[in-house]
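To start, the structure under review is shown below, and the notes come after it.
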Amino acid sequence: MKIIKIFTFILLFSTVITFAQEKKYISYEIKKGETLKSIAKNYNLSTRDLARLNPGVSRKPVLGTVIIVPNKNYGKVTTVVKQEENLYKVQPKETLFGISKKHGITIEELKAANPTLSDGLKIGMNLIIPKPAATQLKDTINYVLHKVIKDDTVFNLTKRYHVSKEALYLLNPTLKNGLNLGMLLKIKPIEVEEIEEIPSDSLVVFEEKLILSKEIKVALLLPYQLNKLNDSIVEESFAKSNSLVNIATDFHLGAKMAIDSLKRKGLKINVSYFDTENSNQKLQLLLSRNQNFNTTDVIIGPLFFDKAHWVSKRTKAQVIAPLPSKKQDELNTANLIKTAPNRASHQERLLEHMETTYKGQNVLIINDGKATTQTQLWQMVNKIKSFDSIQNVSVIKPEEGYINRNKFLTKLDSLSSNWIVLISDENVTTSTTINNLKGFADRIDINLFALNKGKNFNNIDNSFLGKLNFTYPTSEFLNIEDPEISKFYNSFKRQNAAYPSKYAIRGFEVTYDALVRLASSENINEGFTSGESTRVFSKFNYSKNTLGSFENYGLFLVQYHEDLTTTIFE
């Protein structure tokens, strides 16, 4: 019996003494929630050094991306224990998606290790659970790697990676037998050089360098409506948080806080306040009586976009439109600065993210069928089809006012990842889509996208959105964990006996960002094209459009997770 036990032990755990991998660098597959910063910390590297090893990989890489990291065991003598394959018995109601998610592997890896899955998943089956790709890679560490997914072809791979068919076959002799799901292919060698200092990002970040010798002349044009105020109107107006008087007052308080903050830094600011009374007639009067507007560096306001545009046509000063408008694409002048990103930039930001992360996912677009959304729908369809020559993009629309569950059932792919893009601001279409999808999310890999998180999401539980990996672009995102945000809130409360409203925050960040850009450069063009800045809950990244106005393209791309945390994609 003792001999049998010894033999069994040797069979299961054959232990040998060996040198650790002689490679200086090894491959590593990105896990959920990991960033270059967190991985670099684990390997005692700076984020810049890790980025240098992995050119082209973003700071928040996509789940499953293979990168190069230093081999911690390089040159060490270690004991390697070889164990038998890990087996898993299939339980009732389990799916390939659920099993692969539980073990941190892909469906393709699971199917590649278990050829019998071609006949379907059956209760009681013993599945081989392969080790994560990071522990399987050996000789591939000096190559760009690609894991074969559904619809990959040799032709597509040569076009995507700009390599020849012959080079691909030379590096991967098994290709002569055809492509198989889950195969890990060598694409081309990676030149790993000694680590040098590199720029942290391709994105240019605005740097505050105040020229304290400059004096900036500012005019604020806001609808204070002092002409209408008496005791009863004051009380009634301030009782309504969204009244025009309240909005103007809050914006004023935020703007004043920004100006005072910059004055404390030594900046010379000459500021004048004007009451527009929310009247076109009063605006005309102000401009005719104040010719010095032409020597003003910047006019902030009027509050509403069409009025700001009107002022910009009648003065030489730069005019800042602080709030968004549906008409803002139509209204342009060379001295107009649009601080709110337009709808087209939301679409571009989302498509940019989808294109860079596309790996053969099944794409469905949900639309409400309304005439007002059809142009946007087919723009999205055509642009998504251009990703890696996708031809099959399914479109689902309501019939008789709702979307039948069976429509989703026939279009969702249980063996692949599914991208669902919602092109609608309509409540019923939104709630029907999410209620249907959340029922599939436990067994099918689903990622939901939208162009914004508007009022149609107001009654949707964020836990459902997290379950669907909901991703959307937004011009406003408040990181409550940022100590600088807490500092701002507390400072505002000390000065005004209340926390700031969203209009007070808007007044602060629009004013602060504009004045800092003016004070950090010799001219307006240089200041407003010097890179991206992030303030309280907005980003500012300006560029001139073809009609001469400055457009703000600064957007956050937010993804919800099942644990109710969020990821912000750079």
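Taken together, the values in this text are just the output of simple stated rules run on the coordinates, not laboratory data. Since the model is a prediction, treat every value here as computed from it, not as a measurement. With ideal geometry, Cβ positions are generated from the backbone for all residues, glycine too; neighbour counts draw on all protein chains shown.
Note on Thr174/Ala344: beta-carbon distance plugged into 1/(1 + (r/R0)^6) with R0 of 45 Å gives a FRET efficiency of 0.50. Most tightly packed first, judged by the mean number of other beta-carbon atoms within 10 Å of their residues, the peptides 478-487, 207-216 read 207-216, 478-487. Sorted ascending by nearby beta carbons within 10 Å, beginning with the fewest, Thr296, Thr565, Thr511 become Thr565, Thr296, Thr511.
Considering all C-alpha pairs of segment 321-401, those separated by over 22 Å amount to 42%. At a Förster distance of 56 Å, what's the computed FRET efficiency of Tyr489 paired with Ser164, Cβ-Cβ distance as r, to 0.05? In this case the efficiency is close to 0.45. Distance between the C-alpha centers of segment 288-363 and segment 439-459? Whole Å please. After rounding, the separation between the Cα centres reads 29 Å. For the pair Ser243 and Thr565, label points projected 7 Å from Cα toward Cβ lie 4.5 nm apart. Here Ile444, Ile568 are placed in order of increasing Cβ neighbour count within 10 Å, fewest first, which gives Ile568, Ile444. Put in order of Cβ neighbour count within 10 Å, fewest first, the listed residues Val144, Val363 become Val144, Val363. Maximal additional length on extending the Lys101-Lys31 stretch stands at 24.1 nm, based on 0.36 nm per residue less the C-alpha distance. Which of rounded, prolate or oblate describes segment 344-474 when judged by the alpha-carbon gyration tensor and an a/c cut-off of 1.5? It comes out rounded by the Cα gyration axes. Extension gain, Ser414 to Tyr358: 0.36 nm times the residue separation minus the Cα-Cα distance gives 18.4 nm. One decimal place: the segment Lys265-Thr153 gains 34.3 nm when fully extended, by the rule 0.36 nm per residue minus the C-alpha distance. Approximating the spin labels as points 7 Å out from Cα along Cα→Cβ, the Glu208-to-Lys544 distance works out to 2.7 nm. Across segment 170-181, rounded Karplus estimates of 3J(HN,Hα) from the backbone phi angles (6.51 cos²θ - 1.76 cosθ + 1.60, θ = phi - 60°) give 5, 7, 10, x, 5, 5, 5, 8, x, 7, 10, 3 Hz, Gly and Pro being marked x.
With θ taken as phi - 60° and the Karplus curve 6.51 cos²θ - 1.76 cosθ + 1.60 applied, the whole-hertz 3J(HN,Hα) list for segment 489-499 is 4, 5, 5, 4, 5, 4, 7, 10, 6, 6, 6 Hz, x standing for glycine and proline.
Count Lys and Arg as plus one, Asp and Glu as minus one, and take only other residues whose Cβ is under 14 Å from that of Gln291; the net charge is then +4. Which net charge results for the neighbourhood of Asn227, defined as the other residues with beta-carbon distances under 10 angstrom from its beta-carbon, given Lys and Arg at +1 and Asp and Glu at -1? That works out to 0.
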